[in-house]
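So the structure is just underneath, and the comments pick up after that.
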Amino acid sequence: MSLQDRTISDELTSFVQMLGMQMLYKTCGTTNVAGSGFGERRDAALSAMENGVVSGHGFYTTNYMAFYVLAQCEGDIGDSDCGQCVKTAVQRAQVECGNSISGEIFLHKCFISYGYYPNGVPSRHSSYSSFSSGKN
């Protein structure tokens, strides 16, 4: 492979990686929280999610400090690229959603979601019941 071919190959790889980080859609909750360490707790929960999705091989969900967080990557990317994608999504959520109690960021190769529940994260059963009955 010539130097020129290698340069073109490297540029193509970089371009494809950038496409994976492109934001497709976002939604942020309409309620904002001010003070009381909200930002620090949100950032800690999102950081735990960033680490967990790599060790979870592309999927991670947990309750963390009154937050429910979820991250998922496309199946065709490796753990390292997944971690980078989720990190980018987290950074976008912090900027785009600010102090909103919830957010969802869809990038081309990954998705993250978080929600703040100051009275405790609902159990899966109660979340499912609320969802299936159309109540929030």
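The values are calculated or read from the model by the stated rules, or taken from the named source; none is laboratory data. Bear in mind that the values here come from a model prediction, so they are computed numbers and not experimental data. Every residue, glycine as well, gets a Cβ built from its backbone with ideal geometry; the counts of neighbours run over all protein chains shown.
Summed over region 68-105, residues that are within 14 Å of the chain's Cα centre (by Cα), more than 30 Å from Asn119 (Cα to Cα) and outside any helix (DSSP H, G or I) total 1. In the set Glu50, Glu40, only one residue is modelled with pLDDT of 90 or more, part of a helix (DSSP H, G or I) and farther than 21 Å from Leu107 by Cβ; that residue is Glu40. Taking the listed residues Lys87, Lys109, the one that is under 15 Å from Leu24 (Cα atoms) and of a type outside the set (Phe, Trp, Tyr) is Lys109, with no other qualifying. Here His57 fulfils each of the conditions (1) in contact (Cβ under 8 Å) with a residue 60 or more places away in the chain; (2) loosely packed, with under 15 Cβ neighbours inside 10 Å; (3) touching a helix residue (DSSP H, G or I) at 6+ places or on another chain (Cβ under 8 Å); (4) not polar (S, T, N, Q) apart from (1). For region 36-53, a residue qualifies if it is over 12 Å from the mean Cα position of the chain (by Cα) and of a type in the set (A, V, I, L, M, F, W, C), and the qualifying residues are Phe38, Ala44. Take the conditions (1) in a strand (DSSP E or B); (2) polar (S, T, N, Q); (3) touching a residue at least 40 places away in the same chain (Cβ under 8 Å); Thr62 misses just one of them, which is (3).
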